[in-house]
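Everything on this sheet refers to the single structure shown next.
The values are calculated or read from the model by the stated rules, or taken from the named source; none is laboratory data. Here the structure is a predicted model, which means the values were calculated and not measured. Cβ placement follows ideal geometry from the backbone for every residue including glycine, while neighbour counts extend to all protein chains displayed.
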Amino acid sequence: MMNISQQLTPFSQSILFPAIKDALHRAALHEGVRNVEMTFKETATSDDIYVLLAMMTTAVWGTSPTVAGDLFGVVTPQVEARGKMGQGIKSAQRTLEDFPQAYGRMKRWSEWVFASEWSQAQLLQVMEEIEPMVKEAMTWMNRLAIAAVGSYAHLGDLIAKFEQDDVKLQALHLGLMAGLETPDGQLIGELEVGISAQKLQEHFGHLAPSHPCEIALPRIGENVHAFIGDQSPPESMMWDLSRAQGREMAAMTQANARVGFLRRAGLRKAITVTRGALAAHAKARDGLAHVLAATRHWAQAAAGEGLANGRIHSLDEIFMLEIEEIKQMMTGEWHSRNHVEPLIAQRRSTSPPRNDAPFLSRTPLGVAGQPVQGYLKPLPTPEAVAKPSGFIALTSGWTPAWWRVILMAEGVVETDGNLLSWIASVARMGDLPALVGGYRYADWPSGTNVQLDPSRSLIERLTGASQFRGNLSNDALAE
């Protein structure tokens, strides 16, 4: 998630910011959270949102605020309201049971919008439905975030009862989540084998190549050939679904052998809920992408009407207006260009303030894969690397635009991020060594020989030249 209030066009901000605020309150209501302070400022950042979600997770699951904060990638204050593990499991199970119907609703609504024949009446009808649909999509993302982080922490507690070595515990934890299929990872898998332009448009055309919350930017389906390019897909270095599935089976076998017969049922339930919640959260992100793609399609249709009567002079001007201002333009209250032009000119000349500084106390978190060696390569853009050569890629805000780098890298690091990041979802499916919250490594020189160890949630420098590319032998899952 990006810095919603400070980096979006007026159109996107007018839709997303109220939706985020409302969705947090809805999630708290659904989860029965009463005693968590839900203050939400107009300058709220993504970190502020995750702090509230971490506090709600503690209130529902009884998770340690420190653990919940680490998994969300933020520092969480102590919370007086502490739930219970049983309460969290029941809540997560209800959420997982109800979510498929909600996801279907989001997707059907998007398909209906794209199939609409535009008249002013139809434009106005869709307009009235945009904000409720965005609020619903974000509410589900919040509810599933609480379910995923709470269940992941609970599973860690169960493993800790029979595995006291922290590194082996973390390796087993990651192994039990390996091979988890999500829409995020499915995109990478299809690109790896060379998906056709037509299928890419049909299956993933609603996704944003970058900046997923910015409605003003094109989706993949609007320029498929630019997204996949002219070159063949690179050979995958480490992302491997079959290896990931094998690792999950091996981890499950080991866990069952270690936990003892009487605890196996509880362990299986915890694993099922955690995998289900992580997969559903990624699918909720996909549902939001469907809704935002449909919203963009509607905005372009509204812009067409504005162009026809001269109230706007280019399609992109529509994104300089808030959604209520577009309604005024369409219903005749702003009956001439004179009402719109000064506002657009003012907003074009004013750059929104930025606040990209991460929490300096954020804890790095390994989210997938086994130890790997290579050289650290900070990348400003997806085009900054051309050939696979044993690198561990580091950047901020992984998105589908980085798909070639993901296939070419020995491992990946996100300078911010958390357990639920897009790159974490991709890495779990392909067992790609991955770490989030790695801002402290961002100033290391490019070419530094390192070992990325997700089981220890760190990167460490290696002395001398690296002699190995690929997975290291890892006895963390061995007896």
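Can you name every residue in segment 203-243 that is part of a loop (DSSP other than H, G, I, E, B) and polar (S, T, N, Q)? Within segment 203-243, Ser210, Asn223, Gln231, Ser232, Ser236 meet the criteria.
Could we say that Arg264 is over 27 Å from the mean Cα position of the chain (by Cα) and of a type in the set (D, E, K, R) here?
The answer is yes for Arg264.
Per the conditions (1) within 13 Å of Gly179 (Cα to Cα); (2) surrounded by fewer than 15 Cβ atoms within 10 Å (Cβ to Cβ), the sole criterion not satisfied by Met252 is (2). Among the residues of segment 271-291, is any more than 18 Å from Gly205 (Cβ to Cβ), part of a loop (DSSP other than H, G, I, E, B) and not β-branched (Val, Ile, Thr)? No: zero hits.
List the residue pairs whose Cβ atoms are under 9 Å apart, where the first residue sits in segment 232-247 and is closer than 14 Å to Ser425 by Cα, the second is hydrophobic (A, V, I, L, M, F, W, C) and part of a helix (DSSP H, G or I), and the two are 6 or more positions apart or on different chains. Partner pairs satisfying both residue conditions: Trp239/Ile188; Trp239/Ile406; Trp239/Leu407; Trp239/Val426; Trp239/Ala427; Trp239/Met429; Leu241/Met429; Ala244/Met429.
The criterion of being surrounded by 15 or more Cβ atoms within 10 Å (Cβ to Cβ), in the same structural domain as Thr182 (by TED's automatic domain parsing) and under 19 Å from the mean Cα position of the chain (by Cα) holds for Lys283. In segment 148-164, of all residues being touching a residue at least 12 places away in the same chain (Cβ under 8 Å) and outside any helix (DSSP H, G or I), the one that is surrounded by the fewest Cβ atoms within 10 Å (Cβ to Cβ) corresponds to Lys161. Regarding segment 166-174, can at least one residue be identified that is surrounded by fewer than 16 Cβ atoms within 10 Å (Cβ to Cβ), charged (D, E, K, R) and farther than 29 Å from Ala302 by Cα? Looking for residues that are surrounded by fewer than 16 Cβ atoms within 10 Å (Cβ to Cβ), charged (D, E, K, R) and farther than 29 Å from Ala302 by Cα, one finds at least one in segment 166-174, hence yes. For Met55, the conditions (1) touching a helix residue (DSSP H, G or I) at 6+ places or on another chain (Cβ under 6 Å); (2) buried (at least 16 other Cβ atoms within 10 Å of the Cβ); (3) farther than 17 Å from Gly156 by Cβ all hold with the exception of (1). Restricting the first member to segment 368-381 and to residues that are more than 13 Å from Trp398 (Cβ to Cβ), and the second to residues that are charged (D, E, K, R) and crowded, with 20+ Cβ neighbours inside 10 Å, the beta-carbon pairs closer than 6 Å and six or more apart or on different chains are Gly369/Asp431; Pro371/Asp453; Val372/Glu410; Gly374/Glu410. Residue count for segment 85-120 under the criterion of being in a helix (DSSP H, G or I) and either among the polar types (S, T, N, Q) or farther than 21 Å from Gly156 by Cα (or both): the result is 25.
Residue-wise test of (1) closer than 22 Å to Thr272 by Cα; (2) without any contact (Cβ under 8 Å) to a residue 40 or more places away in the chain; (3) buried (at least 24 other Cβ atoms within 10 Å of the Cβ).
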position	(1), (2), (3)
Ile49	no, no, no
Gly62	yes, yes, no
Val67	yes, no, no
Leu71	yes, no, yes
Val74	no, no, yes
Pro77	no, yes, no
Arg82	no, yes, no
Met85	yes, no, no
Gly88	yes, no, yes
